[in-house]
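Heads up: the structure comes next, in structure tokens.
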Amino acid sequence: MKIPFSWLKKHVALTATPAQIADDLVRLGHEVEGVEMPRAAVKGVRVGLIESKIPHPDADKLSLLKVNIGEAEPLSIVCGAANMDAGDKVPVATIGTCLPNGLSIKKGKIRGEVSFGMCCSEVELGLAEDSDGLLILPADAPVGAEVGEYLELEEAVFDLSITPNRGDCMNVRGIARDLAADANLPLAEIEQSFADINDTVAAPAVSVSAGQDCPVYLARNIQGVTVADSPAWMQTALLLAGMRPVNGIVDVLNYIMLDLGQPMHAFDADKLEGGISVRSAIGEENFSALDGRELKLNAGDLVVSDNSSVIALAGIMGSEPTGVTDATTNIVLESAFFRPARVSETRRIYAMVSEASMRFERGVDPLMVEIAMQRATALIIELFGGSAGEITCCGNADAINAGRSICCPVSGIATRLGVDIPQAADDVLGRMGFGVSRSKDRLEVTVPSFRHDVSIPEDLSEEYARIIGFDAIPAILPPLAATSPVRQERSIHDAVTGGFLQVVSYAFISADEQRLFVADDGRDIELENPISDAMSVMRRSPWPGLLNIARHNLNRQQPGVLLVEQGRIYARTDAGHDEINTISWLIAGQAQSDEWYGSTRQADFFDLKGAVETWLSLRGLSGRFIADDSIQGLQAGQSAKVLVGRTEAGRIGRVDGDIAAGFDIDVPVFVAEINLDILPTAKKAKFMPLPEFPGVERDLVFLFDKNTSSDAILNAVKSSAGKLLTDARIFDRYEGKGVPEGKVSLGVRFALQDAKRTLTQEDSDAASASIIAAMEKRFGASLRG
């Protein structure tokens with residue numbers, strides 16, 4: 001949005017320079033993309049009097065001019081224009097001047113004649129896009145004066161990028177309000193204009209059936225207008241603000257919108273049939289927009305219509321057939337408050353952006369609806385004649401955003417910002433339109449109607465930050481009270497340090513992928529508007545996403561992939577939905593490439609099991625892996641549930657071959673998943689002094705039934721060996737010659753140690769005897785000789 005400096009000064013008597021104002025705007029939270037300086041851009045262009053004009057001897061379309069610019073001698077200038085003569089006054093760009101179009105003026109020869117400058121048109125001065133010749137200045141223009149000063153060209157134009165939450169600053173007055181409050185300068189009163197009412201002009205008939213989306217709608221008839229071009233001062237203001245003049249009526253409405261922030265629309269009253277209705281559209285209604293587009297409207301779109309057709313897409317654009325033209329004599333003026341969310345939704349559907357929609361989307365001031373209409377009426381009648389009737393008003397603007405207040409402790413804002421909140425900041429906030437009351441640590445703020453974005457204490461914190469200045473806020477993390485027990489969030493870090501690559505996959509997958517690892521139990525969360533069928537449901541398992549990433553990499557000649565992802569899975573519940581935090585792994589392809597110390601090896605179940613065990617141990621936890629052939633999508637015999645303490649925290653296993661093939665993966669794929677939300681808290685690490693006495697290790701080899709769980713064996717060893725046991729593991733497994741069919745030979749190694757004494761042979765024998773008895777009793781295992 002562009003704002004001329006002189007326009008700002010109509011609302012607040014600013015004395016600072018444009019550069020200082022730009023700095024103030026940035027400090028107040030308004031991004032300044034640039035500052036144009038139209039007057040400075042034509043510095044060096046002076047008022048010149050043409051003393052003589054003769055034809056160029058070698059060019060029919062060129063003239064040789066003698067131009068007086070107030071110097072000792074007139075300048076000789078070669079000119080190609082034809083609309084000037086001796087005695088005319090024109091702008092003269094002197095040598096060394098750089099014009100707004102980038103042209104630098106130098107002494108030069110044109111067809112053999114030396115030229116010491118250039119006479120300028122509006123185009124060269126940046127005042128118009130085209131022209132028919134030189135700009136002829138009034139006869140009283142002082143010879144030698146700077147043209148920029150004589151024409152009173154704009155000193156500066158601020159090009160601002162207004163943030164989406166600050167709809168109140170999408171106009172000159174909103175920006176002026178912030179600057180006035182910051183500089184403690186008075187903000188000018190809004191010019192209240194009221195046109196005389198002609199009783200013979202009937203008020204328009206208006207009905208509003210979509211009151212939720214249009215709580216206020218005003219309409220007024222103005223008859224007998226003569227549409228003409230808007231005055232030069234208004235066109236100049238519009239052009240400087242980046243808007244193209246259209247016709248007098250439209251220009252007035254655009255000027256007031258830029259000034260006060262209230263978009264309005266004018267209909268050609270003679271092209272309307274019957275009364276005006278603000279309603280929801282019926283599906284497939286036709287709409288011919290002012291920009292030339294032909295639309296089929298959706299049911300529920302907010303529209304303005306007459307008795308025969310839709311005449312406006314509310315808050316966005318009017319219709320071409322009912323638009324104001326040079327032939328229009330009677331108009332219906334509209335001013336309204338449309339619900340921001342409704343305008344935003346409709347604008348996105350039809351990709352139809354307008355100056356009006358940008359303001360309605362952000363929220364206009366409901367109290368400005370009538371003020372803007374009254375001012376527009378008075379200005380239209382003043383410039384283009386006509387008579388106005390009474391306003392038809394539907395709704396109550398005073399009820400919108402009424403009575404909003406925020407109470408919070410001053411200390412809370414100070415803690416959030418990291419600086420004290422001075423009383424002077426309250427005064428600035430009050431000058432911005434807020435009602436502020438502070439009593440000790442209690443702050444009560446009444447929010448003005450035009451600030452739709454302020455509703456919670458955090459919003460007030462942002463306002464105080466703008467007032468104090470973001471540069472004054474220390475670049476340190478403020479102390480904030482924890483709202484839940486602090487957890488170790490090292491999940492991904494610990495996994496990545498294990499050689500896995502962190503990935504992020506979409507939370508949306510296809511319904512078919514969902515069924516690979518989760519049964520259809522009615523708990524899927526389906527998207528109402530999916531991007532595609534491949535992203536139609538919220539994932540309930542992270543594995544489809546990992547498989548898609550694995551396929552992408554394996555198909556691009558990666559010999560192996562080790563992936564880890566921390567994210568959420570989602571499921572519908574009776575109360576709404578669950579979001580479960582998980583960490584998941586995938587390993588496929590080569591686990592080790594061909595090196596001098598070993599040959600190529602494919603990843604297997606134990607590679608992934610080791611990675612999960614390592615991850616748990618880094619969190620101070622240990623897991624047990626219990627075989628489970630019922631896990632959907634995993635291959636029987638190579639799948640297990642993961643127990644941490646007594647909690648079933650996850651799953652691990654090999655992906656079913658058919659599922660892997662469905663993802664175009666022809667190597668074994670192993671996946672795991674841990675539910676982070678149910679992991680028990682790890683025990684705090686305690687210092688253990690190094691033992692002074694040696695430990696003892698013993699090996700026992702047993703014959704077990706082949707289907708005996710190794711986890712169950714180790715648990716039995718730990719429970720039977722006594723308090724001296726420090727470690728137990730299976731170190732050997734053998735099947736083959738000497739081992740009966742259906743049996744397996746397993747070697748169990750256990751370690752004993754006492755921190756207070758040296759162990760004896762009796763200690764070792766007693767532990768061995770207990771373990772042997774436990775194996776025989778629990779599993780029917782026999783000790784091998």
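Would you pick out the residues in segment 42-61 that are loosely packed, with under 14 Cβ neighbours inside 10 Å and among the charged types (D, E, K, R)? Selection gives E51, D58, D60, K61. Restricting attention to segment 434-442, does a residue exist that is over 30 Å from the mean Cα position of the chain (by Cα), of a type in the set (V, I, T) and over 18 Å from L367 (Cα atoms)? Scanning segment 434-442 turns up at least one residue that is over 30 Å from the mean Cα position of the chain (by Cα), of a type in the set (V, I, T) and over 18 Å from L367 (Cα atoms).
Go through segment 695-785 and tell me which strands (runs of 3 or more DSSP E), entirely inside it, have 3 or more residues that are acidic (D, E) and either without any contact (Cβ under 8 Å) to a residue 24 or more places away in the chain or surrounded by fewer than 15 Cβ atoms within 10 Å (Cβ to Cβ) (or both). Give the derivation first.
Working: elements: 696-705, 725-734, 743-752.
Ranges flagged: 696-705.
A402: open to solvent by 50 Å² or more (accessible area, probe 1.4 Å), more than 22 Å from S209 (Cβ to Cβ) and of a type in the set (A, V, I, L, M), yes or no? It is true that A402 is open to solvent by 50 Å² or more (accessible area, probe 1.4 Å), more than 22 Å from S209 (Cβ to Cβ) and of a type in the set (A, V, I, L, M).
Inside segment 423-433, can you point out the residues that are surrounded by 13 or more Cβ atoms within 10 Å (Cβ to Cβ) and not small (G, A, S)?
From segment 423-433, those surrounded by 13 or more Cβ atoms within 10 Å (Cβ to Cβ) are 425-433; that's our starting set.
If the condition is that a residue be surrounded by 13 or more Cβ atoms within 10 Å (Cβ to Cβ) and not small (G, A, S), then D426, D427, V428, L429, R431, M432 are the ones that fit.
If only residues of segment 653-672 that are among the aliphatic types (A, V, I, L, M) and part of a loop (DSSP other than H, G, I, E, B) are counted, the one that is surrounded by the fewest Cβ atoms within 10 Å (Cβ to Cβ) is V667.
I'm checking my understanding of the structure. Among residues of segment 510-526 that are touching a residue at least 40 places away in the same chain (Cβ under 8 Å) and assigned to a loop (DSSP other than H, G, I, E, B), which one is most open to solvent (accessible area, probe 1.4 Å)? Write out each step before concluding.
Restricting attention to segment 510-526, the residues satisfying the condition of being touching a residue at least 40 places away in the same chain (Cβ under 8 Å) are 516-519, 522-525.
Now drop any that are not assigned to a loop (DSSP other than H, G, I, E, B), which leaves 518-519, 522-525.
Numbers: V518: 21, A519: 56, G522: 57, R523: 88, D524: 20, I525: 32 Å².
If we take residues in segment 510-526 being touching a residue at least 40 places away in the same chain (Cβ under 8 Å) and assigned to a loop (DSSP other than H, G, I, E, B), then R523 is most open to solvent (accessible area, probe 1.4 Å).
Sort out which residues of segment 239-256 are over 22 Å from V369 (Cβ atoms) and either surrounded by fewer than 22 Cβ atoms within 10 Å (Cβ to Cβ) or outside the structural domain of A356 (by TED's automatic domain parsing) (or both), and write them in order of number.
L239, L240, G242, R244, P245, V246, N247
Screening E355, E345, E370, E334 for residues that are acidic (D, E) and open to solvent by less than 40 Å² (accessible area, probe 1.4 Å) leaves exactly one candidate, E334.
Only strands (runs of 3 or more DSSP E) whose full extent lies in segment 184-295 are considered here, and none of them has at least 3 residues that are modelled with pLDDT under 95, more than 30 Å from G34 (Cα to Cα) and in contact with a Pro (Cβ under 8 Å, 6 or more places away or on another chain). Within segment 462-507, the residues that satisfy the criterion of being of a type in the set (A, V, I, L, M), modelled with pLDDT under 80, open to solvent by 20 Å² or more (accessible area, probe 1.4 Å) and not in a loop (DSSP other than H, G, I, E, B) are I492, V496. Beta carbons closer than 9 Å, at least 6 apart along the sequence or on distinct chains, pair a first residue in segment 204-226 that is open to solvent by 20 Å² or more (accessible area, probe 1.4 Å) with a second that is basic (K, R) for S207/R279; V208/R279; S209/R279; Q212/R339; Q212/R342; P215/R339. Surrounded by fewer than 20 Cβ atoms within 10 Å (Cβ to Cβ), within 29 Å of T647 (Cβ to Cβ) and touching a residue at least 60 places away in the same chain (Cβ under 8 Å) - does that describe any residue in segment 588-607? Yes, there is a match, as at least one residue in segment 588-607 is surrounded by fewer than 20 Cβ atoms within 10 Å (Cβ to Cβ), within 29 Å of T647 (Cβ to Cβ) and touching a residue at least 60 places away in the same chain (Cβ under 8 Å).
Among the residues here, V35 qualifies as among the β-branched types (V, I, T) and assigned to a strand (DSSP E or B). Cβ-Cβ contacts under 6 Å between residues 6 or more apart (or on different chains), taken from a first residue in segment 129-142 that is under 22 Å from P245 (Cβ atoms) to a second residue that is polar (S, T, N, Q) and modelled with pLDDT of 90 or more, are listed as S131/S121; G133/N83; L135/S121.
Checking the condition under 22 Å from G610 (Cα atoms) and among the hydrophobic types (A, V, I, L, M, F, W, C), which residue from A534, A511, A550 passes? Write out each step before concluding.
On the way: A534 fails: under 22 Å from G610 (Cα atoms); A511 fails: under 22 Å from G610 (Cα atoms).
Criteria check complete, one pass: A550.
The number of residues in segment 166-203 being among the acidic types (D, E) and surrounded by 15 or more Cβ atoms within 10 Å (Cβ to Cβ) comes to 3.
Note on segment 434-461: residues that are under 26 Å from F338 (Cβ atoms), open to solvent by 40 Å² or more (accessible area, probe 1.4 Å) and of a type outside the set (S, T, N, Q) amount to 2.
For segment 644-652, the criterion of being under 30 Å from W543 (Cα atoms), open to solvent by less than 30 Å² (accessible area, probe 1.4 Å), of a type in the set (A, V, I, L, M, F, W, C) and part of a loop (DSSP other than H, G, I, E, B) is met by no residue.
Which count do you get for residues in segment 62-109 that are surrounded by 14 or more Cβ atoms within 10 Å (Cβ to Cβ) and assigned to a strand (DSSP E or B)?
Applying the first criterion (surrounded by 14 or more Cβ atoms within 10 Å (Cβ to Cβ)) to segment 62-109 yields 62-69, 74-81, 84, 88-95, 97-100, 105.
Subsequent filtering for residues that are assigned to a strand (DSSP E or B) retains 62-68, 75-79, 89-93, 98.
The number of residues fulfilling the criteria is 18.
The values are calculated or read from the model by the stated rules, or taken from the named source; none is laboratory data. Please read all numbers here as calculations on a predicted model, not as lab measurements. Heads up, the Cβs are rebuilt from the backbone with ideal geometry, glycines too, and the neighbour counts pull from every protein chain shown. The area values use the complete protein model at the heavy-atom level, side chains included, leaving out ligands, DNA and RNA. Shrake-Rupley method; radii C 1.70, N 1.55, O 1.52, S 1.80 Å.
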